[in-house]
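Have a look at the structure below before the remarks.
The values are calculated or read from the model by the stated rules, or taken from the named source; none is laboratory data. Fair warning: this is a prediction, and the values are worked out from it, not measured in the lab. Virtual Cβ from ideal backbone geometry, glycine too; neighbours counted across all protein chains shown.
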Amino acid sequence: MAEHYDNRPADEVSIGEDREARARARAKRNLQRANKKNGHIFNLFDLFIIFVLLVSLTLLILSVRVSDIFGAGDEGRACRLEYQVRFSAIDESFAEAVKLGDTLYDADTKVGMGRVAAEIKMTPALTVVPSSSTGEMGQATPLDGKVDMIVIVAVDAVYVEGVGYTVGGRPLRVGELRTLRFPGYVGNGVCISLRELNAAQ
């Protein structure tokens, strides 16, 4: 069996082995770095998936709570309401344009708010003028050509627990200011009374 000998000088052999060892060490370091990078990418991906799942779960919980607070659109008890709206200090000619049986709408949402269910009540609009001599409040005096108008309206509504009465999805409450549109008049009125007549058939 033939033997092979390295005829290079000893210095050249050691230098060559050093280079080879350094190359192997460099390759090992590069491999370790690549593995670390791959590990970081995997961890970031895991964190992203966990974040998406947490956000989805939070949104689901919030949507359930919102529906519990405000109620679903098809929940509630149907009923018939009668409410009164007061319009203050309007021109008498406008008040005379509102008639029994007129249909009225919410001027902002265009939702039907019922029909005028009784004759219109009109009273002179009053103002109180301070006394010129004492500076104290004087007597109430009528405003020329102005009236206060009370309109009684009947409407189908829904009663939702925790919300109250709603018409067209919007709450209807005593003390609420509404801009209402009649065939011959548009104005701002305040709901001054509200009562349930009977459950809708």
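Mind listing whichever residues of the stretch 172-189 are farther than 14 Å from E82 by Cα, surrounded by fewer than 16 Cβ atoms within 10 Å (Cβ to Cβ) and not small (G, A, S)?
Start the filter on the stretch 172-189 by keeping residues that are farther than 14 Å from E82 by Cα, which leaves 175-189.
The next check asks that each one be surrounded by fewer than 16 Cβ atoms within 10 Å (Cβ to Cβ); those that pass are 175-177, 179, 183-184, 186, 188.
Residues satisfying the conditions are E176, L177, T179, P183, V186, N188.
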Quiz prompt | For D108: the one exception among (1) acidic (D, E); (2) closer than 23 Å to L143 by Cα; (3) surrounded by fewer than 14 Cβ atoms within 10 Å (Cβ to Cβ) | solution = (2)
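Here are some residues: D148, D156. Which one is touching a residue at least 24 places away in the same chain (Cβ under 8 Å), in a strand (DSSP E or B) and more than 20 Å from R86 (Cβ to Cβ)? Spell out the reasoning first.
Values: D148 fails: more than 20 Å from R86 (Cβ to Cβ).
Answer to the check: D156.
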Quiz item: What are the pairs, 6+ residues apart or on separate chains, where a residue within the stretch 177-190 that is assigned by TED's automatic domain parsing to the domain that holds A97 and free of Cβ contacts under 8 Å to residues at least 24 places away in the same chain has its Cβ under 7 Å from a residue that is surrounded by fewer than 19 Cβ atoms within 10 Å (Cβ to Cβ) and part of a strand (DSSP E or B)?
Solution: L177/N188; L177/V190
Quiz item: Quick check: anything in the stretch 131-153 at pLDDT 85 or above, within 20 Å of the chain's Cα centre (by Cα) and surrounded by fewer than 12 Cβ atoms within 10 Å (Cβ to Cβ)?
Solution: no
Practice problem: With the condition kept exactly as written, say whether any residue in the stretch 175-196 is farther than 25 Å from G101 by Cβ and at pLDDT 90 or above. | Solution: yes
Self-check item: Filter result (within 30 Å of P171 (Cβ to Cβ), among the hydrophobic types (A, V, I, L, M, F, W, C) and either modelled with pLDDT of 80 or more or part of a loop (DSSP other than H, G, I, E, B) (or both)) within the stretch 33-60
Solution: L59
Quiz item: Quick one: how many residues across the stretch 78-98 are surrounded by fewer than 13 Cβ atoms within 10 Å (Cβ to Cβ) and not small (G, A, S)?
Solution: 0
